[in-house]
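Student: Handing you a structure now.
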Amino acid sequence: MLRRGDAVVYKCRGLYKVEDIGTLDFSFADRKKKYYTLQSVEDERDKAYVPADDESGIRRPVSKEEALSLIERIKDIEILTVKNEKMREQEYKACIADYCPENWVKVLKTTYKRTKSRGSMTSVDRKYQMLLEHALYSEFSFALGIPASQMTQFIEEHVLRKN
């Protein structure tokens, strides 16, 4: 059970804080149910309302140790093999459906490799790259105490140091 003030990752949307827990006075809401009111850490206009009895799209952020471990393993994480180009977006969605940061890295590495080999980025790759970089960098920023704007550089330096 989450409490007010807890930091959470909501789906692939980034870092949120639990602002409130209770019933909602919205036409779409079941007034008998309790909801988490989640407030984006980065965008004060972004709130999410999630039934308290369904935490499937919410998880605790990774710890500092877990973030560093994942960054150190980036080189070893396999990319996706998509056999049918028409199914690429479905493959990306299926891979990230569990909201696991390692799978986010898998899709990101796939988009980076495709862009490099093609010489340009497809709209699907751009969409998932932007979504997942934001989600991953905001979570890592929270875990590591490093601004999200410096995360690319931090990760590159960390990965290069490993070689």
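FYI, it's all coordinate maths here, none of it is from the lab. Every value quoted in this text rests on a predicted model; they were computed, and no experiment measured them. Cβ: placed from backbone, ideal geometry, glycine included. Neighbour counts: every protein chain shown.
Student: Check the stretch 55-63 and report whether any residue there is surrounded by 17 or more Cβ atoms within 10 Å (Cβ to Cβ), among the hydroxyl-bearing types (Ser, Thr, Tyr), in contact (Cβ under 8 Å) with a residue 24 or more places away in the chain and in contact with a helix residue (DSSP H, G or I) (Cβ under 7 Å, 6 or more places away or on another chain).
Tutor: Checked against the condition, which is being surrounded by 17 or more Cβ atoms within 10 Å (Cβ to Cβ), among the hydroxyl-bearing types (Ser, Thr, Tyr), in contact (Cβ under 8 Å) with a residue 24 or more places away in the chain and in contact with a helix residue (DSSP H, G or I) (Cβ under 7 Å, 6 or more places away or on another chain), the stretch 55-63 yields no hits at all.
Student: Can you tell me which residue among Glu55, Glu85, Glu78, Glu89 is touching a Leu at 6+ places or on another chain (Cβ under 8 Å) and on the phi < 0 side of the Ramachandran plot?
Tutor: Just one listed residue meets the conditions, Glu55.
Student: Within the stretch 76-86, identify whether any single residue is surrounded by 16 or more Cβ atoms within 10 Å (Cβ to Cβ), assigned to a helix (DSSP H, G or I) and out of contact with any Ser or Thr (no Cβ under 6 Å at 6 or more places or on another chain), and answer yes or no.
Tutor: no
Student: To continue, here is another question. List every residue pair whose Cβ atoms lie under 6 Å apart, where the two residues are 6 or more positions apart in sequence or sit on different chains, the first residue falls within the stretch 94-120 and is surrounded by fewer than 16 Cβ atoms within 10 Å (Cβ to Cβ), and the second residue, located anywhere, is in a loop (DSSP other than H, G, I, E, B).
Tutor: Matching pairs, first to second residue: Lys113/Ile79; Thr115/Met121.
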